[in-house]
1. What does the highest-first list of 86-97, 160-171 look like by mean Cβ count within 10 Å?
2. Would you mind calculating the relative contact order of the stretch 131-258 from Cα pairs under 8 angstrom and at least 6 residues apart, reporting the percent as a whole number?
3. Sort the stretch 324-381 into rounded, prolate or oblate with this rule: let a ≥ b ≥ c be the square roots of the eigenvalues of the Cα gyration tensor; rounded if a/c is under 1.5, and if a/c is not under 1.5, prolate when a/b is larger than b/c, oblate otherwise.
4. Relative contact order for the chain: what is it in percent, counting Cα pairs under 8 Å that are at least 6 residues apart?
5. Shape call for the stretch 215-366 from the C-alpha gyration tensor, a ≥ b ≥ c root eigenvalues: rounded (a/c under 1.5), prolate (a/b greater than b/c) or oblate?
6. How far, in degrees from 0 to 90, does helix 349-366 lean away from the longest principal axis of the Cα atoms of the chain, to the nearest 10?
7. Only Cα pairs under 8 Å and at least 6 apart count here; give the relative contact order of the stretch 313-376 as a rounded whole percent.
8. Only counting other Cβ atoms within 10 Å, I'd like 44, 224 sorted with the fewest neighbours first.
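Derivation of every value follows stated rules applied to the coordinates shown; laboratory data play no part. These numbers were taken from a predicted model, which means no experiment stands behind them. Neighbour counts are summed over all protein chains in view; Cβ atoms, including those assigned to glycine, are modelled from backbone coordinates with ideal geometry.
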């Protein structure tokens, strides 16, 4: 049995990427002698963290990885998020020890930290669909983190170094969608050793819901770039009778949205466990995302499809790759009127049921365990 080491830095607020990594591990550990190396950004070490921000490399993380590799002797290393605790130091170790490495990239943010200049970041766009940055935030400096010039400066230094890792063809890059693969080609980031392996999900569809709740649901980060404000506005403009919008998650605009929209049919639920979210999705009429970003594979939408619940989402990025062709509930990005039009479908339960069934059939064929394993083993040879 081959030895596989999975490396991942957990996000401070658990998100779709963290869930996806755990789901993949559940499958892979059945077929590999598997060990995990998790890092956490919650553990603060002032000296190490400062050096990590400045150099992109964390000395402790490097030593930890070296020790595990020497003890475990893996045949393959599967790397996910490295920001910032794992750091880029792990790649120098993997390259030096000549271990086959797969680097799975879950988003487009590496492309947003290529430049210090705001104009180079945005090009001809008014707003970046990779991270939500706009000229209104800063006309000259690429202020990636709105709240801090210093943090933005360090993340750009890190991002420039990370981009070089992505471009190093010693490492095999794994992406979630063909859209992302073409994005890399078109932006001359990388043209070789790129594979597409969507995140596999672990959803137990063990119970049928006798009666649906009278609500639609969004679950995710509460931030401007995720379009939560756009979703709330479109929902209120629709005036859907006896229907509520449940919002699950926390983030930088959570408190301001909760204060602004004090309505009986706008329900802010804060952070919930993944199991609680799945139960709410299962009972919902539909799940909705109004993200302004180029998304890879939103966990919320894929989970909903597994449960036979229809999804409403913008037609940008690679999201549509996870839904049947000519999907009728996708809307034009940032278009309030088009989003309202799709939300009105909530009034047609028969159509919702048909769409949910079609989504379930499609996603079950596309994201099953067998296909994931075949793709993974093909890339890891």
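1. On the way: 86-97: 20.3, 160-171: 16.1.
My ranking of the peptides, most packed first, is 86-97, 160-171.
2. 18 percent
3. Values: a/c = 4.99, a/b = 2.07, b/c = 2.42.
It comes out oblate by the Cα gyration axes.
4. On the way: 665 pairs, mean separation 53.1, N = 381.
After rounding, I find 14 percent.
5. rounded
6. The two axes meet at around 20 degrees.
7. Answer for the stretch 313-376 is 31 percent.
8. Working: 44 9, 224 15.
By the 10 Å Cβ count, ascending, the order reads 44, 224.
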